[in-house]
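S.K.: First the structure, which I've put down as structure tokens, then a few questions once you've had a look.
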Amino acid sequence: MSVRWAKVDVAYLSHPKLLGLHPSAKLLHLASILWTAEHLTDGYVPTKALRQLCDDASIYRRWRTHHAESLVRAGLVSREPDPEQ
């Protein structure tokens, strides 16, 4: 079994793009980084995985879109067509 890991800067939480984001949005972003490192997807998170990450992070369903959109607005993620849909 190979060990996978992701580098996270010790200043992650003070990065200007994260300032002002809700803690749940930050957790979703970090969970996405870790998921892509685990599954070797070069930064791509499919919609099904994003839903699971929201479940894992205990993000209420009514806030999921809001937090995901806040990551897009902050320039932390981009929206691309999902081939699974």
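S.K.: In segment 31-44, which residues are in contact (Cβ under 8 Å) with a residue 12 or more places away in the chain and either within 14 Å of Ala74 (Cα to Cα) or surrounded by fewer than 10 Cβ atoms within 10 Å (Cβ to Cβ) (or both)?
M.R.: Leu40
S.K.: Also: Assuming Gly43 fulfils every condition listed in (1) more than 27 Å from Ser2 (Cβ to Cβ); (2) assigned to a loop (DSSP other than H, G, I, E, B) apart from one, which condition is it?
M.R.: Looking at each condition in turn, Gly43 falls short on (1).
S.K.: Here are the criteria: (1) part of a loop (DSSP other than H, G, I, E, B); (2) open to solvent by 100 Å² or more (accessible area, probe 1.4 Å); (3) of a type in the set (Lys, Arg). Tell me which single one Arg51 does not satisfy.
M.R.: Just one mismatch for Arg51, condition (1).
S.K.: Let me ask another. How many residues does segment 7-16 contain that are farther than 21 Å from Ser58 by Cβ and open to solvent by less than 90 Å² (accessible area, probe 1.4 Å)?
M.R.: So the count comes out to 3.
S.K.: Sticking with this structure for a sec: Take Ser32 and tell me if it is within 24 Å of Leu13 (Cβ to Cβ), modelled with pLDDT under 90 and polar (S, T, N, Q).
M.R.: When the stated conditions are applied, Ser32 does not pass them.
S.K.: Among the residues of segment 17-26, write down those that are under 18 Å from Gly75 (Cβ atoms) and open to solvent by 70 Å² or more (accessible area, probe 1.4 Å).
M.R.: Lys17, Leu19, Gly20, His22
S.K.: Can you find a residue that is under 11 Å from the mean Cα position of the chain (by Cα) and either part of a helix (DSSP H, G or I) or not small (Gly, Ala, Ser) (or both) anywhere in segment 5-22?
M.R.: no
The values are calculated or read from the model by the stated rules, or taken from the named source; none is laboratory data. Computed from a prediction, not measured in an experiment: that's the story for all the values here. No Cβ is skipped: glycine too gets one built from the backbone with ideal geometry, and neighbour counts run over all protein chains shown. Just so you know, the surface numbers come from the protein's heavy atoms only, side chains and all, with ligands and any DNA or RNA stripped out. Shrake-Rupley method; radii C 1.70, N 1.55, O 1.52, S 1.80 Å.
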